[in-house]
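K.L.:
Input: one structure, supplied below.
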Amino acid sequence: MLPRCAISVCHVFVLVLCLSSAEDFDWTKNDHGSFYYGTFPAGFSWGAGSSAYQTEGAWDKDGKGLSIWDVFSHKKGKIQQNDTGDSSCEGYHKIKDDVGLMKELKLNHYRFSISWPRLIPTGIKSDHINEKGIQYYNELIDHLLENKITPIVTLYHWDLPQFLQERYGGWQNISMVNHFNEFANLCFERFGNRIKYWMTFNNPWSVAVEGYETGEHAPGLRLRGTGAYKAAHHIIKAHAKVWHTYDTQWRAKQKGLVGISLSGDWGEPVDITNQKDIEAAERYVQFYLGWFATPIFHGDYPQVMKDFIGRKSVQQGLGTSRLPSFSPQEKSYIKGTCDFLGVGHFTTRYITQKNHPSARSSSSYFTDRDLAELVDPRWPDPGSEWLYSVPWGFRRLLNFVKSQYGNPMIYVTENGVSEKMLCTELCDDWRIQYFKDYTNEMLKAIKDGVNVKGYTAWSLLDKFEWDEGYSERFGLYYVDFRNKNKPRYPKASVQFYKRIISSNGFPNQREVENWRRKAVETCSTSNQLLAADPLTSHMEMVTEIVVPTVCTLSILLSAVFLMFLLRRRN
Ligand SMILES: *[C@@H]1O[C@H](CO)[C@@H](O)[C@H](O)[C@H]1NC(C)=O
Ligand SMILES: *[C@@H]1O[C@H](CO)[C@@H](O)[C@H](O)[C@H]1NC(C)=O
């Protein structure tokens with residue numbers, strides 16, 4: 001009886017917290033303010049990010065095992081243009097080049113992920129450890145440290161060993177918890193003397209929803225209404241287990257931190273005077289970021305998730321909720337397993353209340369939320385279909401994290417914008433605008449008291465964008481994927497981001513405008529150079545045939561002309 005009482009007292013407390021945090025966000029005043037000139041706290045860490053499958057290539061080199069993304073991308077019709085990450089940016093062979101680019105940007109940190117099947121080909125540690133994989137990450141880490149760039153490492157950026165998918169059903173199976181823990185433990189053992197910032201998972205929302213609910217991502221399963229919840233449940237347990245492993249076995253010696261990187265869009269009520277819309281917007285965020293953050297910080301799923309999924313399950317005639325539950329022991333084991341929170345954020349939605357019927361056939365994560373997502377057509381939308389630039393949403397999300405989870409230490413792990421480009425474009429003013437406005441909203445959030453310690457621009461390079469293949473480019477550096485060498489070229493945003501980093505913020509309007517002007521000036525020349533690249537190679541090919549013909553013709557013509565002139569003289 002007593003724990004139950006404690007829980008309901010806790011509910012009231014959480015509710016009060018939610019209500020007061022709702023006031024913090026100032027729902028009733030939609031004034032998004034003007035640009036704020038000022039600097040970030042001393043020691044603020046600036047970085048850029050990547051992930052293994054998106055950039056490494058070398059998918060079958062040096063004893064690497066298959067991941068679910070190798071297999072998924074090789075199936076026709078899953079990825080735009082049937083692209084694969086087989087070679088991608090060839091990052092596996094370009095450690096020195098890429099660290100060179102980071103130096104050019106003067107980055108303080110670099111965020112990358114370790115490919116589980118590159119280290120453990122089947123995913124099961126007792127089967128085999130691939131020393132060549134270990135060697136690759138050793139080189140990368142050492143080279144970063146030699147250049148005074150702090151490595152921030154993600155252990156799981158979506159590339160589950162295929163063997164674990166086939167044998168156990170991947171994250172549908174609780175056995176992943178132990179296999180992942182063994183992999184993480186191997187990483188702590190081999191790299192932990194040099195790595196001080198670990199993240200267990202990157203964006204588990206996407207793993208669960210797109211991998212096991214919609215099937216747009218590997219492993220491509222469509223287990224609507226149950227698959228995502230189950231996958232997430234095991235991921236949360238795996239995260240907690242790895243945190244405890246570090247805490248008990250490595251922390252004293254290695255003195256590092258273990259967190260998780262969660263992604264979340266911000267949800268803003270369509271009608272800020274309508275209580276139903278305010279609740280729907282809150283639900284949107286709770287079903288997104290809160291799904292993972294609430295168990296990790298408070299020990300259990302958000303109450304709205306338990307209520308909504310539970311009620312719908314009953315209406316469908318199910319005996320238990322489709323949302324699994326944690327035992328009291330599990331709750332206390334999971335609670336507080338986060339030394340810092342990684343936040344990935346790209347965009348915002350307007351949210352309104354919308355009831356979905358709870359027929360069993362149509363049940364899904366999306367209908368469980370009883371809401372509809374809307375966008376403002378005036379929001380800039382330069383690249384990916386889903387990515388609208390709404391900088392003020394970032395500040396709100398960061399404030400939400402502060403008020404909901406006890407003001408944890410935050411590293412922004414992903415923030416950036418893509419472009420849909422069929423031709424080469426290095427003058428990315430819209431990316432400059434996006435970075436400028438989003439980092440400025442982050443600065444305002446820090447002034448609001450949010451504990452943000454670092455920012456990671458997403459991403460260092462153009463790379464394989466999952467189901468979108470190479471059709472969307474998030475990079476600060478342009479990668480020419482048609483060229484076997486995968487050469488990198490700086491976009492204008494490199495120049496601009498570099499200035500933000502060296503000034504640790506925004507000194508004044510004149511200077512910031514100046515940065516922008518200079519960045520765009522330099523890119524137009526490099527743009528011409530790059531544009532001329534394929535043209536010159538094309539010309540070489542043609543000249544072989546054309547030059548002799550043209551030469552002969554001109555000699556003939558001049559002879560005729562000369563004869564004509566001589567005749568007239570006579
Ligand atoms: C991808 O592969 C499928 C199946 O072979 C084919 O029908 C489709 O046209 C391919 N798409 C492209 C863009 O090549
Ligand atoms: C998990 O894996 C075990 C061992 O292969 C298997 O017996 C069990 O059915 C799996 N569970 C699920 C939910 O797939």
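The values are calculated or read from the model by the stated rules, or taken from the named source; none is laboratory data. Predicted, not measured: the structure shown is a model, and the values here were computed from it. Here the Cβ is made from the backbone with ideal geometry for all residues, glycine too, and neighbour counts use every protein chain on show.
K.L.:
If only one of ILE68, ILE95 is within 16 Å of ligand 2 (Cβ to nearest atom) and of a type in the set (A, V, I, L, M), which one is it?
P.N.:
Details: ILE95 fails: within 16 Å of ligand 2 (Cβ to nearest atom).
Every option except ILE68 fails the conditions.
K.L.:
Given the criteria more than 19 Å from PHE112 (Cα to Cα) and modelled with pLDDT of 95 or more, does SER502 qualify? Working first, answer last.
P.N.:
On the way: more than 19 Å from PHE112 (Cα to Cα): yes; modelled with pLDDT of 95 or more: yes.
So SER502 passes the test.
K.L.:
Moving to a separate point now. Could you tell me whether segment 452-470 includes any residue that is touching a helix residue (DSSP H, G or I) at 6+ places or on another chain (Cβ under 8 Å), surrounded by 20 or more Cβ atoms within 10 Å (Cβ to Cβ) and under 18 Å from ALA293 (Cβ atoms)?
P.N.:
Yes; the residues of segment 452-470 include at least one that is touching a helix residue (DSSP H, G or I) at 6+ places or on another chain (Cβ under 8 Å), surrounded by 20 or more Cβ atoms within 10 Å (Cβ to Cβ) and under 18 Å from ALA293 (Cβ atoms).
K.L.:
If we only count helices (runs of 4 or more DSSP H) wholly inside segment 193-294, which ones have 2 or more residues that are closer than 21 Å to TYR156 by Cα? If you could, list the steps in order and put the result at the bottom.
P.N.:
Numbers: elements: 204-212, 227-245, 251-254, 275-285.
Where helices (runs of 4 or more DSSP H) fall fully within segment 193-294 and carry at least 2 residues being closer than 21 Å to TYR156 by Cα, they are 204-212, 227-245, 251-254.
K.L.:
State the number of residues belonging to segment 281-303 that are among the aliphatic types (A, V, I, L, M) and surrounded by fewer than 20 Cβ atoms within 10 Å (Cβ to Cβ). Steps first, please.
P.N.:
Restricting attention to segment 281-303, the residues satisfying the condition of being among the aliphatic types (A, V, I, L, M) are 281, 285, 289, 293, 296.
Imposing the further condition that a residue be surrounded by fewer than 20 Cβ atoms within 10 Å (Cβ to Cβ) reduces the set to none.
The qualifying residues number 0.
K.L.:
Mind checking which strands (runs of 3 or more DSSP E) fall wholly inside segment 341-407 and carry at least 2 residues that are among the aromatic types (Phe, Trp, Tyr) and on the phi > 0 side of the Ramachandran plot? Can you show your working first?
P.N.:
On the way: elements: 341-344, 348-353, 371-374.
Because the criterion is at least 2 residues that are among the aromatic types (Phe, Trp, Tyr) and on the phi > 0 side of the Ramachandran plot, no strands (runs of 3 or more DSSP E) in segment 341-407 meet it.
K.L.:
When you go through (1) under 25 Å from TRP46 (Cβ atoms); (2) of a type in the set (Val, Ile, Thr); (3) at pLDDT below 95 one by one for THR536, which number turns out not to apply?
P.N.:
For THR536, the exception is condition (1).
K.L.:
Pairs under 8 Å by beta carbon, first residue assigned to a loop (DSSP other than H, G, I, E, B) and of a type outside the set (S, T, N, Q) in segment 166-178, partner more than 16 Å from ligand 1 (Cβ to nearest atom) and modelled with pLDDT of 95 or more, six or more apart or different chains?
P.N.:
What qualifies is ILE174/HIS234; ILE174/LYS237.
K.L.:
Only one of (1) closer than 21 Å to ASP70 by Cα; (2) without any contact (Cβ under 8 Å) to a residue 24 or more places away in the chain fails for GLY475. Which number is that?
P.N.:
All conditions pass for GLY475, except number (1).
K.L.:
Now for a separate question. Quick check: anything in segment 495-505 under 20 Å from GLU414 (Cβ atoms), in contact with an Asp or Glu (Cβ under 9 Å, 6 or more places away or on another chain) and in a loop (DSSP other than H, G, I, E, B)?
P.N.:
Among the residues of segment 495-505, not one is under 20 Å from GLU414 (Cβ atoms), in contact with an Asp or Glu (Cβ under 9 Å, 6 or more places away or on another chain) and in a loop (DSSP other than H, G, I, E, B), which makes the answer no.
K.L.:
Those residues that are polar (S, T, N, Q), more than 25 Å from VAL375 (Cβ to Cβ) and in contact with a helix residue (DSSP H, G or I) (Cβ under 7 Å, 6 or more places away or on another chain), I need them from segment 341-365; list them, please. Steps first, please.
P.N.:
Looking only at segment 341-365, we keep the residues that are polar (S, T, N, Q), and these are 347-348, 352-353, 355, 358, 361-364.
Still in the running and more than 25 Å from VAL375 (Cβ to Cβ): 358, 361, 363.
Result: SER358, SER363.
K.L.:
Can you tell me which residue in segment 365-398 is farthest from the chain's Cα centre (by Cα), limited to those that are polar (S, T, N, Q) and surrounded by fewer than 20 Cβ atoms within 10 Å (Cβ to Cβ)?
P.N.:
Our first condition is that a residue be polar (S, T, N, Q); within segment 365-398, this holds for 367, 384, 389.
Within this subset, residues satisfying the condition of being surrounded by fewer than 20 Cβ atoms within 10 Å (Cβ to Cβ) are 367, 384.
Working: THR367: 25, SER384: 13 Å.
Applying the filter and picking the extreme gives THR367.
K.L.:
For segment 24-132, please list each of the helices (runs of 4 or more DSSP H) lying entirely inside it that holds at least 1 residues being small (Gly, Ala, Ser) and either without any contact (Cβ under 8 Å) to a residue 40 or more places away in the chain or within 16 Å of ligand 1 (Cβ to nearest atom) (or both).
P.N.:
Details: elements: 52-55, 68-74, 95-105, 116-119.
Where helices (runs of 4 or more DSSP H) fall fully within segment 24-132 and carry at least 1 residues being small (Gly, Ala, Ser) and either without any contact (Cβ under 8 Å) to a residue 40 or more places away in the chain or within 16 Å of ligand 1 (Cβ to nearest atom) (or both), they are 68-74, 95-105.
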